[in-house]
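See structure below.
Here, each number is a calculation from the coordinates, and none is a lab measurement. Everything quoted here is computed from the prediction, not taken from an experiment. All Cβ positions, even for glycine, are placed from backbone atoms using ideal geometry, and neighbour counts span all protein chains on display.
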C-alpha cells in the first residue's frame, strides 16, 4: 500500500495544455500514473500526449468517468477557481503545485474541501510520489530520474521544503532505505495536508514502518505531531530534522509558512517538544540515513 496515490488512482491535469502542465503530465504518465483527462477552458476537444482535453472538470467526469485526483498547473490567481471547480465536480484529492497562491484563496479552498469531504496537498508543492507506483506533480523531474533516485520500501517521508524533500528521499534511497510515499506538504502558511495530517495517514498505512520528517521553524506543525505521539495517535518511529536553527530574530527565512509568532514555532521549541515525546531528532542532516537504519533495525 501507500498513502494518497497508487497506480490505480484516476488522475486529471488542470492546465495540461500549458508548457508546465504538459511536461509534468509526461513525467506522471511515463512513471505509471493513470492520467485519464486534462482540462483547459477553451481547449476542449484537443488531445495532449494522447489524453483528451475538456473545457470543464464536470465535462471530463461526464465523459471519462470518475476522477480521483486533480493536479493543478495554472497561474496562481486562477488556482482558486480551478480547485473549487474540481471539488464541486466530485474530485476528492487535489495537488496545488503553484506558489504565490493568495492566502484567502487557500482558505476558501480549505473551506470548500471540508464541505465536500475532499483533501488537497499544497499550495506551493512539488507533489508526492510512491516509488514504483505513481507520481503526482513534478517530483523527480523526469520519470527515469525518479525511478533511479527513489526506491520502494517501508519509510514514509513528509517535508515542508521542496528541495529537501527530493534530497532527503534521494539520500535515504541511496543508503539502501526504501520509501513508501514521499510527500511535500507545501511551504505556504496555509496548506491542505500539513505534517500532522500526513503522519496520521502513515499511521494507518501497513506498508509504512517509520516516518522521516523534515520540519522548519514557523507554524506549529511539528509541535502538533509531537502531540499526536503523546496521545498515541501516531505510534510509529519518527526521525525528525528541523531546519532554521541559525535563523535570527527578524530574519526572512525560507518559505511563507516559516513565521515565528511570539514563543511558538522556534527551532528550540520544536526540537525540545519532539524529544520529549520520544522522536529521534537529528541535528546534522547527513545523519538522517544512519539514524533511520538504526531505528529500522530496532523494530
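So if each residue of separation counts as 0.36 nm, and I subtract the Cα-Cα distance between residue 26 and residue 233, what length gain in nm does that give? Mind dumping the intermediate values first?
Details: separation 207, 0.36 × 207 = 74.52 nm, distance 3.80 nm.
Extra length available between residue 26 and residue 233 comes to 70.7 nm.
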**OP:** Post the alpha-carbon centroid distance, the stretch 96-174 to the stretch 1-60, in whole angstrom.
**Re:** 16
Original post:
Once both labels are modelled 7 Å past Cα along the beta-carbon direction, what's the residue 297-residue 142 spacing in nm?
Top reply: 3.7
**OP:** Enumerate the residues in the stretch 1-24 having an amide nitrogen under 16 Å from the point lying 7 Å beyond the Cα of residue 46 toward its Cβ.
**Re:** 13-24
Subject >> Over the chain: helical MRE at 222 nm, DSSP H runs n ≥ 4 each giving -39500 (n - 2.57), nearest 500 >> reply: -11000 deg cm²/dmol
Subject >> Degrees between helix 76-88 axis and first principal axis of the chain (Cα, 0 to 90, nearest 10) >> reply: 80
**OP:** Summarise the long-distance tail of P(r) for the stretch 113-221 by giving the % of C-alpha pairs beyond 21 Å.
**Re:** 30
Original post:
If each of residue 111 and residue 1 carries a label point 7 Å out from its Cα toward its Cβ, how far apart are those two points in nm?
Top reply: 3.4
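By average Cβ neighbour count within 10 Å, what is the ranking of 43-52, 102-111, 20-29, 183-192 from highest down? Intermediate results must be reported in sequence, preceding the final value.
Working: 43-52: 14.2, 102-111: 16.1, 20-29: 20.3, 183-192: 25.3.
The most tightly packed comes first, giving 183-192, 20-29, 102-111, 43-52.
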Original post:
Angle between the Cα long axis of helix 267-276 and the longest principal axis of the chain, 0 to 90 degrees, nearest 10?
Top reply: 70
Subject >> the stretch 269-299 and the stretch 182-229: distance between their alpha carbon centers, rounded to Å >> reply: 15
Original post:
Label residue 285 and residue 200 with points 7 Å out from Cα along Cα→Cβ: what is the distance between them in nm?
Top reply: 3.0
